[in-house]
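Asker: I'd like to ask some things about the structure below.
The values are calculated or read from the model by the stated rules, or taken from the named source; none is laboratory data. Owing to the predicted nature of the structure, the values given are computational and were not obtained by experimental measurement. Note that each Cβ is placed from the backbone with ideal geometry, even for glycine, and that neighbours are counted across all protein chains shown. Ligands, DNA and RNA are stripped out before the accessible areas are found, and what is left, the full protein with its side chains, is counted by its heavy atoms. Shrake-Rupley method; radii C 1.70, N 1.55, O 1.52, S 1.80 Å.
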Amino acid sequence: MTRYTRFATPLGTMIATAVGGAVTGIYFEGQKHMPDISRAAREDAKAAPFAECARQLGEYIEGARRTFELPLAPEGTEFQRRVWIEIARVPYGETITYGELAARAGAPGAARAAGAATGRNPLSVVVPCHRIVGTDGSLTGYAGGIERKTRLLELEGFLQPSLA
């Protein structure tokens, strides 16, 4: 059975889902492509591995963590999983383009398909799709919202924080 919990972060409320001891999803509340968990899941804040998930995300947001060590079990097509694996390989504080991501996933010329797979990434922040940018370096297409993408890249030192 799928279980879920909500937890507060400086970037907004996040929802984590898990089956057994593996995380199947980490979403910003209300983000695009988030599954409807209200009927298919049971809220259970004490289920493993939610405490560890919240702890590691908190450390990341505080700047004390650059990588995650969580048991993950995202569901997706073979192509989506290849894209997510390549996203996970983009180092902290760096970015690549959707075109480069497509090539790394074995589908050169399929930047739009890689972008669609990126948008369906069920593991926000942990599989860092905020590190994928447009060909010209523009911050495009983040299911959690461009403002969050900007804040995450500022946190990682890729962008200078705005004064606003």
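Asker: Within the range 17-87, list the trypsin sites (Lys or Arg not before Pro) lying in a DSSP loop whose Cβ has at most 12 other Cβ atoms in a 10 Å radius.
Answerer: Arg39, Lys46, Arg66
Asker: Now a separate question. So what are the range 32-101's ellipsoid semi-axes, whole angstrom, largest first, if each one is the square root of 5 times an eigenvalue of the alpha-carbon gyration tensor?
Answerer: 24, 20, 10
Asker: Using a basic spin-label model with each label point 7 Å from the Cα along Cα→Cβ, how many nm lie between Ser138 and Tyr92?
Answerer: About 3.1 nm, to one decimal.
Asker: In Å², and per residue, what accessible area does the chain have when probed at 1.4 Å with the other protein chains present?
Answerer: Per residue, the chain has an accessible area of 51 Å².
Asker: Here's something else I'd like to know. Would you kindly state the longest site-free stretch of the chain, with sites defined as GluC sites (Glu not before Pro) in a DSSP loop (not H, G, I, E, B) surrounded by at most 15 other Cβ atoms within 10 Å?
Answerer: The longest uninterrupted stretch comes out as 95-164.
Asker: Still on this model: Under a Cβ-Cβ cut-off of 14 Å, what is the net charge of the residues other than Gly134 that fall near it, where Lys and Arg count +1 and Asp and Glu count -1?
Answerer: +1
Asker: If you don't mind, another one. When the Cα centres of the range 50-106 and the range 107-131 are compared, how far apart do they sit, in Å?
Answerer: That distance is 10 Å.
Asker: Once both labels are modelled 7 Å past Cα along the beta-carbon direction, what's the Arg55-Ala40 spacing in nm?
Answerer: 2.9 nm
Asker: If you don't mind, there's one more thing I want to ask. So, in nm, how far is label Glu75 from label Arg112 when the simple model puts each one 7 Å beyond its Cα toward the Cβ?
Answerer: Result for the modelled spin labels: 2.8 nm.
Asker: How charged is the neighbourhood of Ala40? Take every other residue with its Cβ under 14 Å from the Cβ of Ala40, and add Lys/Arg as +1 and Asp/Glu as -1.
Answerer: Computed value for this residue: -1.
Asker: Right, here's the next one. Per residue, how big is the convex hull of the chain when only Cα atoms are used? Give it in Å³.
Answerer: So the per-residue hull volume is 106 Å³.
Asker: Ignoring ligands, DNA and RNA, what percent of the 1.4 Å accessible area of the range 36-91 is carbon and sulfur?
Answerer: 49 percent
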